[in-house]
Each structure stands twice: as structure tokens, then as C-alpha cells.
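A.B. asks: Just passing along the structure, written as C-alpha cells.
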Amino acid sequence: MMERKTIKKQIDHRYVGKKQPRWKDLKHSEYQDDDLIYVGYEEDEYGNDGEWFISIERERLETDEEYNERMKRHERFLEDSKKQRYERYLKLKEEFENGNVSTELK
């Protein structure tokens, strides 16, 4: 059985201007201890002055519903893969049994 996945969700993304972000840019928001904080600088497409940004992500375990849906998708994927492999096997089997194997490179 597969383990539950951790899901990341962006909960905040803001541009703070030309100056590097400061504590005051974050302190009035309600974040949790385990939130991930990304700070970066994005130049504009013409190489002119860019802007600093702050992005906050929160991680959580997938819910029972999300987990069950993912398991169903995985099972369908395994079934489809098995069916496709079997179809390729039958085509190859027929090709080799009938002696229709081409030795020419294309």
C-alpha cells in the first residue's frame, strides 16, 4: 500500500518592490511554524530593474478522499499498462510466428 503524499499549497505570494523584503512585510500575516518561505528577485523581461517577492507555501497530508482517488487512478494506470503490454506481446508473437520479421533498418 502506498503512503500518503504531502501536498504543497501556495498560501501567499506578493511583490514587495525594489528593496529586499523585511520582517515588516511578513509579521502581520498569520503563518504557521512549518510554512515554507521563499524570497527571491525577479527581473523584468527586458533586464531592467526587477522586484523582490515573498512566496509562502504550506504542506499538508492528503485527505482520505484525495488518497482514495489517487489509488483508483494508480490502479487504472496499472490495468491500462498491463493491457497495452499484452497487446504489444500479441503483435510481436504474431509477427515472429508468421516469419514476417523484417531485418531491414528503416
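A.B. asks: Pop a pseudo-label 7 angstrom from the Cα along the beta-carbon direction at both ASN98 and LYS18 and give the gap in nm to one decimal.
C.D. replies: 7.4
A.B. asks: Mind checking the angle between helix 64-97 and the chain's longest principal axis? C-alpha axes, 0 to 90 degrees, to the nearest 10.
C.D. replies: That works out to roughly 30 degrees.
A.B. asks: If you don't mind, there's one more thing I want to ask. Test of understanding: what is the full-extension gain from VAL39 to GLU79, defined as 0.36 nm times their sequence separation minus their Cα-Cα distance?
C.D. replies: Taking VAL39 through GLU79 to full extension adds about 10.1 nm, to one decimal.
A.B. asks: Hey, with R₀ at 30 Å, roughly what FRET efficiency would GLU65 and SER29 work out to, going by the Cβ-Cβ distance, to 0.05?
C.D. replies: In this case the efficiency is close to 0.55.
A.B. asks: Beyond a 32 Å Cα-Cα separation, which of these cross-linked pairs lie in this structure: LYS8/LYS83; LYS5/LYS83; LYS9/LYS83; LYS5/LYS93; LYS5/LYS27?
C.D. replies: LYS8/LYS83; LYS9/LYS83; LYS5/LYS93
A.B. asks: On to the next question. Between TYR15, SER81, LEU61, whose Cα lies farthest towards the positive end of the dipole of the chain when Lys and Arg beta carbons carry +1 and Asp and Glu beta carbons carry -1, centred on the Cα centre?
C.D. replies: SER81
A.B. asks: Right, another one. If we count every other residue with Cβ under 14 angstrom of GLU94's Cβ, Lys/Arg +1 and Asp/Glu -1, where does the sum land?
C.D. replies: Its environment carries a net charge of 0.
The numbers here are math on the coordinates, done by the rules we state, and not lab data. As the structure is a computational prediction, the values presented were derived from the model and not from experiment. All Cβ positions, glycine included, derive from the backbone under ideal geometry; neighbour counts span all protein chains shown.
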